[in-house]
Structure formats: structure tokens, C-alpha cells
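Colleague: Let me begin by handing over the structure; questions about it come next.
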Amino acid sequence: MKNEEMSLRTKQAYDKMKSFFYTDFIDIMRRTLDDGEKEMQISVDSEFKDFVAEFFTEALTGMLISWIKNKNKQDKEEVIQNVLQICKVSIPQVLREKAKSEENRA
């Protein structure tokens, strides 16, 4: 098989895996952002929440595919804990800062 054909098949496999995970992750991220907004009693523009949901979904999907592709060289629990820590710290802060900046414009 030529390198070009392998590259195309690898790209197609990547796209299929990404598509498979993307729908679930985007829904989870949107719910997480909505729940965070309610919990913190703030309001953030829905377009911004869509942007953040897509940002984190792309990151999570890419990380998962990379983890699978590299034959699980990283410890699964460590990867999960790292992802949870990043989300736990960054999502509330992003929502707070955006709400604050929208408040200041009003």
C-alpha cells in the first residue's frame, strides 16, 4: 500500500472516531456549561457557551483519539484525573470572566 493511501485511510479512521465521540462530548460540555452557569447564578451569552463547548470537545476528542492511537501508554486514571482537573478549574473561571465582561459592557 502506498504511503498516500495509508495516510488517507488513517485520516478517514481519525474522522470516523472523532465523529463518534464528538456528539456525546459536545452534549456533555453544553450541559456542564449550563449547569455551571446556574450553579454560579450568572448568565453568559449562548454563542460564547457554544464556542467553549466546541473548544473543550475538540480537545477531549483529540486527547481520547491520541490516547487510543498511542496504545494507552498513559495511565487511564491519570488521564481522567488530568482532564477533570483542567475542566474543574478552567470552566468556572471562563464563565465568571465572561459574565463579568458582559456585565461591564451593559
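Colleague: If you check every pair at least six apart or on different chains, which have Cβ atoms under 7 Å apart with a residue in segment 87-100 that is closer than 11 Å to Val52 by Cα and in contact (Cβ under 8 Å) with a residue 12 or more places away in the chain first and a residue that is small (Gly, Ala, Ser) and assigned to a helix (DSSP H, G or I) second?
Modeller: Matching pairs, first to second residue: Ile91/Gly36; Leu95/Gly36.
Colleague: Does any residue of segment 51-62 turn out to be over 17 Å from Asp27 (Cβ atoms) and open to solvent by 50 Å² or more (accessible area, probe 1.4 Å)?
Modeller: No, segment 51-62 contains no residue that is over 17 Å from Asp27 (Cβ atoms) and open to solvent by 50 Å² or more (accessible area, probe 1.4 Å).
Per-residue answers, yes or no, for (1) open to solvent by 50 Å² or more (accessible area, probe 1.4 Å); (2) farther than 14 Å from Ile91 by Cα; (3) not acidic (Asp, Glu):
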residue	(1), (2), (3)
Asp34	yes, no, no
Glu37	no, no, no
Ser46	yes, yes, yes
Ile65	no, yes, yes
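Colleague: So which of Lys69, Lys100 ends up being touching a Phe, Trp or Tyr at 6+ places or on another chain (Cβ under 9 Å), of a type in the set (D, E, K, R) and open to solvent by 50 Å² or more (accessible area, probe 1.4 Å)?
Modeller: Numbers: Lys100 fails: touching a Phe, Trp or Tyr at 6+ places or on another chain (Cβ under 9 Å).
So the residue among Lys69, Lys100 that is touching a Phe, Trp or Tyr at 6+ places or on another chain (Cβ under 9 Å), of a type in the set (D, E, K, R) and open to solvent by 50 Å² or more (accessible area, probe 1.4 Å) is Lys69.
Colleague: Separate question: If you go through segment 64-86, how many residues are without any contact (Cβ under 8 Å) to a residue 40 or more places away in the chain and either of a type in the set (S, T, N, Q) or under 17 Å from Thr32 (Cβ atoms) (or both)?
Modeller: 11
Colleague: Limited to segment 72-92, what total is found for residues that are over 30 Å from Asn104 (Cβ atoms), touching a Phe, Trp or Tyr at 6+ places or on another chain (Cβ under 9 Å) and surrounded by 12 or more Cβ atoms within 10 Å (Cβ to Cβ)? Working first, answer last.
Modeller: Initial filter on segment 72-92 (over 30 Å from Asn104 (Cβ atoms)): 72-84.
If we keep only those that are touching a Phe, Trp or Tyr at 6+ places or on another chain (Cβ under 9 Å) too, we end up with 73-74, 76, 79.
This time we only want the ones that are surrounded by 12 or more Cβ atoms within 10 Å (Cβ to Cβ), so: 74, 79.
Selection size over segment 72-92: 2.
The values are calculated or read from the model by the stated rules, or taken from the named source; none is laboratory data. On a predicted model such as this, the values are computed, not experimentally measured, just so you know. So basically every Cβ, Gly included, is an ideal-geometry build from the backbone, and we count neighbours across all protein chains shown. These accessible areas exclude ligands, DNA and RNA; they are computed on the full protein's heavy atoms, side chains included. Shrake-Rupley method; radii C 1.70, N 1.55, O 1.52, S 1.80 Å.
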